[in-house]
Structures are given as structure tokens and as C-alpha cells.
1. If contacts are Cα pairs under 8 angstrom and at least 6 residues apart, what is the relative contact order of the stretch 52-116 in percent?
2. Please identify every one of the trypsin sites (Lys or Arg not before Pro) in the stretch 89-160 that sits in a loop by DSSP and has no more than 15 other beta carbons within 10 Å of its own beta carbon.
3. How much FRET efficiency would the formula 1/(1 + (r/R0)^6) give for Thr281 and Arg118, where r is the Cβ-Cβ distance and R0 is 25 Å, rounded to 0.05?
4. So which residue, out of Lys315, Lys361, Lys271, gets the largest mean-square fluctuation from a GNM of the chain using Cα contacts under 10 Å as springs?
5. Given an 8 Å cut-off on Cα distances and at least 6 residues of separation, report the relative contact order of the chain as a percent.
6. Would you please classify the overall shape of the stretch 237-388 from the alpha carbon gyration tensor, given that a ≥ b ≥ c denote the square roots of the eigenvalues, rounded means a/c under 1.5, and beyond that prolate means a/b larger than b/c while oblate covers the rest?
7. Once you keep just the Cα pairs under 8 angstrom separated by 6 or more residues, what percentage relative contact order results for the stretch 269-406?
8. Rounded to whole Hz and in sequence order, give me ³J(HN,Hα) for the stretch 258-273 from the Karplus expression 6.51 cos²θ - 1.76 cosθ + 1.60, θ = phi - 60°, writing x for Gly and Pro.
Amino acid sequence: MRLLAIILACLPLAAQTFTQRGFIETGIFLFPQKGRNDSAHIVGESFLRYEAGWKPLAGLRFNAAFDARFDSHRQFERDFRLDFADRRALRPALSIRRLSAIYSKSNWTLEAGRQLIRWGKADLLNPTDRFAPRDFLNVFNTDFLGVTAARVTYEKGSNTIDAVYAPVFTPSRSPLLNQRWVILPVETQGLPVVDLGARYPGRGQAGLRWNHLGAGYEMSLSFYDGYNHLPLIDAALNPVPVPSIAFSRQFAHMRMTGADAAVPLRWFTVKGEGAWFTSRTPQADEYIQYVLQAERMAGEWVFVGGYAGEHVTRKRSPFDFAPDRGLTRTFLGRASYNLDANRSVAFESAIRQDGAGYYGKLEYSQALGQHWRATAAYTLIRGREDDFLGQYRRNSNLRFTLRYSF
């Protein structure tokens, strides 16, 4: 907070180098069906995001982003504390999404503090994107979380080296137990569930990525040593004094070796990304995950389609929460069309290769003047109860949002 106070105190001295933007958004989700453990049909949310940048001198820049939230369904905290770590089960009412300093000189760039880090080239799924935890309170409507890290980038010619060290672990936020995005086994219905919390790793995470821009292609190699931001679930039945289920979350060690590439062809661009995951945690799976896709732009149309696959080399985990793995063995696609300067329509879908699960979303968005935008979306989910997609078949929904940007 001391850094934030210094930045705010100095803003009037450098108004010409200060930039700001943000938006206020309010919306509702309409669920036609009741969830197995959630009878609500309507969920309302309001959201404010404010972003600011300050460049006091050449080569030095400070970036900040703050979020404020309120909802009708007790997914967000009600105490107005300023959250930095993003480790609580509920979304914080007030949080720091980004607060970092960037210094650039010659071929070097250093960013330190709270920041967003994205790796990989694929658009449908990113196996190598290990510094990118997400908020999964709604499994199909997510947002990336910032991480506290130091990032050094060196660029020379057609090569870029990116080194990251995150001393503090930031987990993905899992769905809440008492709401519709947690699907407990049928055998556990009626039993009280006791949440014993999470055990967070004590050491940092490190990663290295080399990117090369060649003649007619782009590729990169990456390595990560740290922890999976998605949890393993430890669950046990307590028979006394009253039968109940106690569960806790742990975050397995993860070592990732990955690669990605993009090759523009005459009719479309081919992108591929894959990674091999190993672990020292006895309960964690080891596996290979990959995605292959084609992308084409035709006038106002953008088409992306491909396949995400997985090969498990060592099966260990009885129970985990892993949406990234849940979208493998699946055909994925996305298409968008700009009707005009103010209106657009988009469709995305995921179809399990054996037909066991389906997800599709149709979205229409329209600008209303210079600052306002209205969006309507319908999400359809179908499939078998034992499939990652199919288990959420009672969660099909309509979403309406109105955003004011400033």
C-alpha cells in the first residue's frame, strides 16, 4: 500500500503522463432450471474496474487496476477490505487486480508486482499458460487473476526470452459448495459437507520461455516449475457424531515442458500448443495435453476451430477440479461476425469426441452511443452426468449485461 500512496501523491505532478480508463457493468444471469443444490433462478452482479497508468520518466511506468463488486447471490464478500492475495473462497468486494512497476532499457524490460502473465499461442486452450489462474465461481464465465511476480524480458532480433518468478502462490478460485457450479456425487446428497480449507504451497514458482519469429512461422519453448493453480480434492466420510463429508484442497507440485507454434498459410493460420506435465506430489496425475487449431479471417468473419487432446501417462488422482483438462478430448470452435461498427455476434462451442457432453454460447453485443454497450448471451449445456461438460446440464442460462465505459 505504501507504493500505491506514493503513486497517488505524485499524480498531480505528472498529469500529462497519467492515463486512466475503466467501466461499470451490471447484469443478470437467468437459470431456467434449479441446480441440484441451488434453487436460485436469478443472479445479479455489479462490477467496477478502474485502470490507471503513470509514466513519470522515460523507461519507467506504473500500472494499477482495481475491482469493486457486489452481487445478489452471496458469491462476493460483504466486508469492504482491499484484497491483494486473491486466496479467499468468495470474490473480494474490493481487490487489486494489478499494481506493478515496469522499467525498460535497451533490449530489457522488467515488471515487478501484481500483474497478468499469459503464455501460449492457441486461442481455444493454452496448456503452457501456467501463470494464469482464473476465477471459476461460474465455470463457463471466467476471468483471469493477477499474480505477484517479477518478470524479465529480453528481446533481440527475432528472439525473445521471458523469465518469471512468482514468490507468492495465487490459486484459481473454485466454485462454491452451496451453489450450482459444484456437482457433488449422488451418493453424498443429504450429507452435510465440512470445508476444511486449503493448504497453500510455501515456495515460489519459476518459468522460462523462449520465442522465435522465423520466416513464415513463429514458435516458442517453455518450462515451468511450481504448482498447479487448480486444486486436488481430499475428501473423507466422517461417520460420527453425525455422518458428514469433510474435504480440503491442496495444490500439487507441477513441472511443465511445453512448446507452441503458429504458421500462416494461404487460406488459414495453423496453431499448435502442447505440454508434458509431471509432478512430485503422489496424488497428482502426469499427462500430456495438446491443442491443434486453424484460424481464418474472411471479411468481417473470424473462424477458429480445432481439437484439444490429452494422454495420461500416470493416473493417480481420484478427485480434482480441473476445467482445463475437462475441455480435452473435445472439438472446440468459435466464430464471430461484425454486423457493423456497433454490432457484433459470436458463437463458441465445445463437443466431446464421444458425444457425452456439449457446450455452446451465442452472444450478441451492441454499442449504444460512445460509452454504453449492451450484451445478451445464451449458454446451452447438455450431456451425461459423468462427463465434465454434461454434469452442468442444469446450468444452461441467459445473461444480460449493460456496460458503461469511461
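1. Relative contact order of the stretch 52-116: 31 percent.
2. Counting only loop positions with at most 15 other Cβ atoms within 10 Å, the trypsin sites (Lys or Arg not before Pro) in the stretch 89-160 are Arg118.
3. The computed FRET efficiency comes out at 0.50.
4. Between Lys315, Lys361, Lys271, it is Lys315 that shows the largest mean-square fluctuation.
5. 12
6. Verdict is oblate for the stretch 237-388.
7. 15
8. Those phi angles translate into x, 8, 8, 7, 9, 10, x, 10, 5, 9, 7, 9, 9, 10, x, 8 Hz.
Computed from the coordinates by the stated procedures, all read-outs in this text should not be read as laboratory data. Note that the structure is predicted; figures quoted are calculated from it, not measured. Note that each Cβ is placed from the backbone with ideal geometry, even for glycine, and that neighbours are counted across all protein chains shown.
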